[in-house]
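What follows draws every value from the coordinates through simple rules; no lab data is involved. Just so you know, these numbers come straight off a predicted model, no measurement behind them. As a convention, Cβ positions derive from the backbone with ideal geometry for all residues, glycine included, and neighbour counts pool all protein chains shown.
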Amino acid sequence: MPTQNLRNGMIMFDMDLDIRIEGYGQGSCQCRLFLAPTQALHVNVFNLNPRRTLHSNLAVARRWIDRCQNHHALCNLAIDVWYPTRLLHIDRKTRKIRLIISSIDHPSGRYVTLSHRWENPMRTKLLSSTMAKMRNEITASSLPQSFQDAIIITHHLGISYLWIDALCIKQDEDELDWKIECQNMHKVYSHAFLNLSATKSFTGTEPLLSERCLGSLEPSRVSFSIPIQQDYYILDSQLWMDEVDDAPLNQRGWVFQERFLARRILNFGSRQLAWECLESKALETFPDGLHEFSAVSSISKPDAYTSLLQAIPQEQDETWMRNFSSQYHILVHKYSKCNLTRPGDKLIAFSGIPRRIQENTKDFYVAGVWNRSLPFDLNWYRDQLGERDYPTQQSHVNAPSWSWASVIGEVNFPSDRQDSSQTIFISNWKFHQAKALRNKSFIDTTWISLKATLLSVHIEVLTDGVSDLRILEHRFNEEEIIDLEGLSIYLDGPDEQVQTANQNGGVYWIPLFATKHGIHGILVEQISRRLKFKRIGRIQIPLLIKYHLLNKGESHQSTPMTRKRNQHYAYEVILFIGFAISSMP
């Protein structure tokens with residue numbers, strides 16, 4: 001039976017479907033169907049233009065922009081006047097395009113940005129050798145079609161300045177200009193009036209404006225007598241996900257932060273335009289806003305803004321910090337699923353987001369980790385289900401082993417972070433950053449010191465996963481079923497890494513914090529006689545035995561560190577390339 005009158009007379013059906021395709025077999029699935037009375041929902045598909053011309057697109061875009069400017073307080077908060085180092089200037093009369101330098105040419109008024117997929121190879125880009133020529137004039141026909149469309153749209157919106165990374169950051173081989181400019185990405189996008197997004201782009205060659213088939217956009221109509229005879233639209237709850245959240249461009253790592261930082265985004269999807277700002281979302285099909293049962297990602301505006309930037313209290317108490325941390329972990333999880341051409345860009349392509357957040361929180365941040373939530377930010381893991389062969393840590397990325405950015409692929413955090421009854425097992429943590437030396441990377445100059453407990457660990461790994469785990473003398477295996485409940489082990493790298501560490505007798509577990517479900521900690525490997533360690537995984541053990549282990553840890557004599565100091569917090573742990581541990585004075 002349907003659930004009726006959810007709101008505005010909407011009806012919801014939950015259905016079990018049996019599907020059989022000749023030659024492919026059969027299967028079953030569950031689905032949820034939403035119906036809305038036709039008179040209660042403003043659907044605009046009948047007024048759309050199949051040719052998607054400039055004027056038809058700008059009509060709805062201007063409507064969204066006007067509504068945002070006139071009615072959205074969050075989108076119009078006063079910000080300092082700031083301009084990127086370089087901009088494209090579009091002459092209002094002649095439409096001549098040229099590169100300007102803000103410190104010399106002193107732009108005034110608003111500017112627009114473009115999120116796009118790079119062509120391979122990029123036909124036109126800014127180089128030191130082409131700077132003078134582009135300062136004089138840029139020939140529009142020499143640019144990719146998406147750039148040309150962005151220039152035309154910017155001009156028709158009455159705006160004279162456009163920022164495109166390929167044309168406003170020098171793309172020289174030494175990357176010196178890029179290293180400087182990428183530090184300002186949080187300003188480039190957050191100060192822009194509008195971001196145009198080539199959301200549908202796979203290759204970078206697609207135009208922003210193209211013909212589309214309207215038949216696939218028109219909601220189907222059905223007639224029901226529940227409770228009275230009337231017509232309903234069958235709503236596609238995945239429409240926003242298909243057009244925006246799961247669109248090709250939004251799977252790119254660099255675009256992830258561009259989308260987060262921009263105040264307003266005009267998305268050019270495969271079938272229709274989509275609007276995002278700090279207070280609303282809309283599609284051409286639903287120009288007044290999405291229906292309430294539309295599926296949207298947590299990175300979509302305004303959700304991301306609300307969860308991480310809005311209404312930060314002056315007194316940032318534990319409840320606020322716990323909620324902030326959980327939302328930040330969702331953000332990291334979403335970002336970790338995105339693609340990067342160069343894995344080494346993983347931290348820098350994300351850096352604009354924490355820079356923007358820091359403006360509100362004033363918290364200290366290093367390599368993906370916040371100071372106030374460090375025990376929880378260290379507790380990331382890689383889900384190994386269905387995949388055992390991982391790229392080795394550190395070989396492709398420029399991040400310390402304790403950072404979620406040190407591994408390639410999807411990163412997760414445990415779901416019980418919202419548990420209010422938590423016990424922290426580490427203390428006195430502090431970030432340290434040394435001046436970078438020649439041939440020294442970010443990894444070699446960044447570390448964290450903290451006080452922690454070390455528990456010796458032995459792990460046996462077979463081809464189908466971990467078969468045996470011993471923490472001190474407590475053993476977890478398939479014969480001790482009660483201990484396996486709630487036990488989870490996640491390795492950061494190949495199984496051979498742990499096997500080698502076992503042979504050297506240098507694997508330890510550092511408990512971070514406990515919830516009502518269990519105790520969470522990170523697995524580390526000793527990598528030198530000078531008591532240096534690196535992270536190699538994460539272990540969560542059941543609640544029933546956590547205090548048994550910690551009590552044993554105070555007096556256990558199997559590790560040199562516990563012999564030196566028979567205290568619960570006995571060691572200063574230095575998280576460097578990995579970890580370095582020394583007894584406290």
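Annotation for segment 117-220: chymotrypsin sites (Phe, Trp or Tyr not before Pro) lying in DSSP loop with at most 13 further Cβ atoms inside 10 Å of their Cβ are F202.
Each peptide among 250-262, 347-359, 60-72 gets the average number of other Cβ atoms lying within 10 Å of its residues, and from highest to lowest they stand as 250-262, 347-359, 60-72.
Once you order the gyration tensor axes a ≥ b ≥ c over the Cα atoms, which shape class does segment 100-244 get: rounded for a/c under 1.5, otherwise prolate or oblate by comparing a/b with b/c? Verdict is prolate for segment 100-244. Pairs exceeding a 25 Å alpha-carbon distance, out of K179/K200; K337/K451; K281/K334; K346/K451: K179/K200; K337/K451; K346/K451. Applied to segment 516-523, the Karplus parametrisation 6.51 cos²θ - 1.76 cosθ + 1.60 on θ = phi - 60° returns per-residue 3J(HN,Hα) values of 5, 9, x, 10, 10, x, 10, 9 Hz, with x for Gly and Pro.
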